[in-house]
1. What is the angle, in °, between the Cα long axis of helix A:58-71 and the longest principal axis of the Cα atoms in chain A? Nearest 10 is fine, range 0 to 90.
2. What is the gain in length, in nm to one decimal, between A:Gln66 and A:Ser20 on full extension, counting 0.36 nm per residue of separation less the C-alpha to C-alpha distance?
3. For chain B, modelled as a Gaussian network with Cα springs under 10 Å, which listed residue fluctuates most, B:His145, B:His201, B:His83?
4. What are the semi-axes of the equivalent ellipsoid of chain A, taken as the square roots of 5 times the eigenvalues of the Cα gyration tensor, listed largest first and rounded to whole Å?
5. Let me have the 222 nm mean residue ellipticity of chain A computed from DSSP H runs of 4+ only, each contributing -39500 (n - 2.57), with the sum over all residues rounded to the nearest 500.
6. Which far-off residues, 5 or more places away or on another chain, put their amide H under 5 Å from the one on A:Asp42, with H placed in the peptide plane?
7. Over segment B:65-207, what lengths in whole Å, largest first, do the semi-axes of the equivalent ellipsoid take, defined as the square roots of 5 times the eigenvalues of the alpha-carbon gyration tensor?
8. Through the Karplus equation 6.51 cos²θ - 1.76 cosθ + 1.60, θ set to phi - 60°, convert the phi angles of segment B:102-112 into ³J(HN,Hα) values in whole Hz; use x for Gly and Pro.
Number of protein chains: 2
Amino acid sequence: MREAASGQDVTGQAASRGLSKAQVIAQEVRRRIVDREWRQGDRIPDEAELAVEFGVARATVNKALQLVAEEGLLDRRRRAGTHVTVNPIRKATFSIPIVREQVEQLGMEYGHRLVAKRMAPLPADIATRMDLPQGQVLIHLRNVHLGDGRPFQTEERWINPETVPGIAEVDFRKANANEWLVRNAPYTHAELTFSAENASHRDARLLDTRKGQALLIVHRLTWNDLGPITFVRLAFHPGYSMSTAH
Amino acid sequence: MREAASGQDVTGQAASRGLSKAQVIAQEVRRRIVDREWRQGDRIPDEAELAVEFGVARATVNKALQLVAEEGLLDRRRRAGTHVTVNPIRKATFSIPIVREQVEQLGMEYGHRLVAKRMAPLPADIATRMDLPQGQVLIHLRNVHLGDGRPFQTEERWINPETVPGIAEVDFRKANANEWLVRNAPYTHAELTFSAENASHRDARLLDTRKGQALLIVHRLTWNDLGPITFVRLAFHPGYSMSTAH
DNA sequence: CTTGGTGATATGTCTAAACTTATTTGCGCC
DNA sequence: GGCGCAAATAAGTTTAGACATATCACCAAG
């Protein structure tokens with residue numbers, strides 16, 4: 001009797017190519033939203049009802065709905081129930097790559113050039129971003145990353161040695177900073193900022209282009225529990241574009 | 001003796017300010033990774049062991065580890081166990097905003113101007129991106145979004161009416177397309193691409209700036225189950241920057 | 001009309017147990 | 001040594017049941 005009551009067994013068949021029941025249910029929920037069977041602002045049936053409909057345990061429906069809610073399509077509140085989000089603000093994710101792998105993925109041979117390395121006091125604007133006192137002395141690096149010998153990206157980097165034990169011994173002429181940090185200094189929090197700038201004289205020289213050329217600029221800040229790890233300004237070669245993973 | 005062996009009850013006390021046991025355990029796992037108690041490539045104790053250590057059910061450890069794995073700090077494979085990721089490629093997430101809310105959040109008054117609306121055949125480059133045949137006729141819009149009367153962003157948009165029922169009746173002079181679509185056409189997949197361009201003559205005119213000025217360009221493609229919904233090219237006013245949410 | 005309490009309700013979370021599945025390890029056979 | 005199969009293992013998933021907790025709705029008292 002249980003069986004018969006439960007609409008169809010959505011989870012049992014066709015659609016479920018290696019997908020878990022929860023994922024199949026999540027898909028079906030998305031479909032109902034996209035097809036407007038459940039409309040913006042509507043309250044959808046509660047977990048217990050859906051569990052009966054799909055013939056699964058409530059915990060499975062819970063997992064499915066949490067998945068969809070994470071994507072931003074559903075709003076869930078205790079007691080109030082689950083509603084279709086009125087303004088689905090969707091998210092897109094960027095992965096923070098290792099430059100070398102990026103270059104090699106494009107089929108080019110990677111190289112890099114250390115332009116400058118010194119200890120230097122933080123300028124005011126960067127100190128503000130990093131939440132550190134102005135004038136604190138950090139490691140300051142300038143690098144150019146090359147693809148097939150041509151400039152791919154310039155990198156200006158400030159590293160906080162207090163949050164990165166072992167950084168002092170690294171020879172950045174050999175191991176590049178990006179890579180060493182990614183491998184050795186896991187972070188708990190990151191912030192990316194995208195903007196565009198006309199190439200300065202220095203950018204133009206390092207990227208082998210002309211002054212004024214529009215460049216994609218990425219600022220990246222990373223933290224761990226001990227505080228800010230590193231601030232980087234990346235300037236990409238003209239024409240470069242950066243996409244979300246999926 | 002079991003009890004005594006299980007370190008402390010990490011989940012029971014201080015750290016757990018409204019956090020679930022799974023989250024507290026996830027934090028502790030992150031800490032062990034960041035503090036190098038578990039190093040890159042190490043295999044960590046299996047779920048059953050951690051369940052004993054933390055005094056919770058295996059399912060709870062499972063949830064915690066899945067959380068951390070999603071962030072990219074752990075690699076999990078059946079039978080092989082859970083390992084600390086060697087190359088933690090971390091993710092940063094962008095929300096896809098409604099321009100009006102963006103403008104208003106900056107304390108400016110929002111306005112927009114419809115520059116052009118027509119049905120037009122898809123040019124080759126955009127057809128490729130949208131996975132549609134070249135020459136297919138879509139809705140083509142040009143808009144300028146204003147903040148306090150000054151140009152904030154230009155928008156060039158192609159809309160696929162086949163995937164958006166009801167789009168034909170919309171008057172885009174009143175309701176702007178961005179907003180109407182966000183509210184009425186939920187999508188299941190999106191792709192963002194960032195780049196920089198020197199302002200063309202048209203961009204410069206629409207954004208009230210000079211030709212050659214570096215502009216941040218965002219391309220956004222959205223799909224639902226029926227296929228591609230819309231392609232947008234956004235050009236922001238000079239100096240604009242876009243950051244990850246958190 | 002406002003405030004405050006109270007109960008109902010839907011989601012949040014956890015548990016113990018079972019089953020599933022991918023993958024590795026090791027053994028036996030050639 | 002190499003190959004293939006079987007056993008063991010660890011994560012993946014699901015279930016039923018329980019308790020926790022936020023909050024909404026309603027009603028009573030001020």
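Read the figures in this text as sums done on the coordinates, not as results from a lab. Note that the structure is a prediction, hence the values are computed from the model and not measured. With ideal geometry, Cβ positions are generated from the backbone for all residues, glycine too; neighbour counts draw on all protein chains shown.
1. Relative to chain A, helix A:58-71 is tipped by roughly 40 degrees.
2. This chain segment gains 15.1 nm when fully extended.
3. Sorting by GNM fluctuation, first place goes to B:His83.
4. On the way: eigenvalues 474, 84, 63 Å².
Ellipsoid semi-axes (Å, largest first): 49, 21, 18.
5. On the way: 8 runs with 69 residues, N = 246.
The per-residue figure over chain A is -8000 deg cm²/dmol.
6. Those lying under 5 Å, H to H, from A:Asp42 are A:Val84.
7. Values: eigenvalues 264, 90, 54 Å².
So the equivalent ellipsoid measures 36, 21, 16 Å along its semi-axes.
8. After applying 6.51 cos²θ - 1.76 cosθ + 1.60, I find 4, 5, 5, 5, 7, x, 10, 8, 8, x, 8 Hz.
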